[in-house]
1. Which entries in 10/212; 28/212; 27/212; 8/184; 184/212 show an alpha-carbon gap greater than 19 Å?
2. Give the order of 215, 102 when sorted by the count of other beta carbons within 10 angstrom, beginning with the fewest.
3. If amide hydrogens are placed 1.01 Å from N in the peptide plane, which non-local residues have theirs closer than 5 Å to the one on residue 121?
4. Pop out the ³J(HN,Hα) list for region 259-270 in order, Karplus 6.51 cos²θ - 1.76 cosθ + 1.60 with θ = phi - 60°, rounded to Hz; leave Gly and Pro as x.
5. In whole Hz, with x marking every Gly and Pro, tabulate ³J(HN,Hα) for region 95-101 from phi via Karplus 6.51 cos²θ - 1.76 cosθ + 1.60, θ = phi - 60°.
6. Given H placed on each backbone N at 1.01 Å, which residues far from residue 156 in sequence or on other chains put an amide H within less than 5 Å of it?
7. When the label point is put 7 Å from the Cα of residue 303 along its Cα-to-beta-carbon vector, which residues of region 235-271 have a backbone N closer than 14 Å?
8. Give the long-range amide H neighbours of residue 145: residues separated by 5 or more places, or on another chain, with amide H under 5 Å away, using H modelled in the peptide plane at 1.01 Å from N.
Amino acid sequence: MTTRSCPKCKGQSRDGFLCYSCVRATKKALDRIADLWPALQETITRRDRTQPASEVRAQTIYGPLPFRDAPSRVAAEVRNDLVGWVRISIDELGADVPRDTIPGLCRALSSSAHQLRKHEAAAEWAESIAGDMARIVRAVDLTDRRAPAGPCPERTEDGEPCGGVIVAVYPVDERVSPWMECTKSDPGTDICGGVWDATEWRSLGPRILARKAQIDGQKARPKADLSLIEWPAEVPAEVTPISIADAAVIYGVPPGTIRGWLHDKRLTKYPMAAGLSTPGRPVTVGVDPEQVARLAAERKAELERVRTRGERE
Ligand SMILES: [Zn+2]
Ligand SMILES: [Zn+2]
């Protein structure tokens, strides 16, 4: 039997075309490009308003500064790139002509993904979309914080245990809830490419722990030397602590209120898993999301009571 491989990641691909996890990553990058586009425009406007004079001066004194005009160049080149791929999908794959907006182009490419994955330039497509996203992220100076949580407990498309590592992604944009995603620990592994939103972490956490225990029990297998986080022993298996900042975002409660609950011992203080701390700024206190959810609900009811009482008086 011949083993076919994905033209981009060289991982397993049943039909030899772009693999499921590469398609998934590309679709996610397209979503991100659409999401980040307004921030990129804002960066361009802000620079145009505040920087032209100094830019001219800097150029005469120090010579051209290639990074100064990056955001507008990035915007133009990303747009060209998206238009180019959309054109291929229209001309060669018979896709519909989308609305000429960045979200429109991104959505069109996302819905053509299953034809594009079979195109001869599929690897180049995936590569360039990932590159476009990375360039926008750099241009607007955004970097999501990523922290490994442990081995993926899922199975791949082929029913094999997933070789991926689950990474918690904390977006810079605080309006976006953190999510976890299955990522490759090394290029050759076959992964499920799953994505879990913050509400699913509680059920995912124990499964990651169970998978880690299982791998640790199979020391002879090569997968056991994945670099995994150490989950603190004193945390009960059914609790997956999250940071105060994350709990504040997820449950819409000010961080100060959560700290108050910890101080009043209404909330249990857990050590944070080492891998989930901010690089350079260690998060040492973790809280049980379920406890926070309960207290947040009580607080909301209390605020509601206070408000209606205020209205009556
Ligand atoms: Zn691939
Ligand atoms: Zn996985």
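Bear in mind these aren't lab numbers, they're just calculated from the coordinates by the rules spelled out. Not measured: the values here are computed from a predicted model. Methodologically, a virtual Cβ is constructed for each residue, glycine included, from the backbone with ideal geometry; neighbour enumeration extends over all protein chains shown.
1. Working: 10/212 26 Å; 28/212 27 Å; 27/212 29 Å; 8/184 13 Å; 184/212 16 Å.
Distance filter (> 19 Å) returns 10/212; 28/212; 27/212.
2. On the way: 215 18, 102 22.
Lowest to highest Cβ neighbour count: 215, 102.
3. The list, which skips near neighbours in sequence, is empty: none.
4. Those phi angles translate into 4, x, 5, 5, 4, 7, 6, 7, 10, 7, 8, 10 Hz.
5. So the J values, rounded to whole Hz, are 6, 6, 6, x, 5, 7, 10.
6. 162
7. Residues 248-258 qualify, since their backbone N sits under 14 Å from the label point.
8. Result for residue 145 returns 170, 172.
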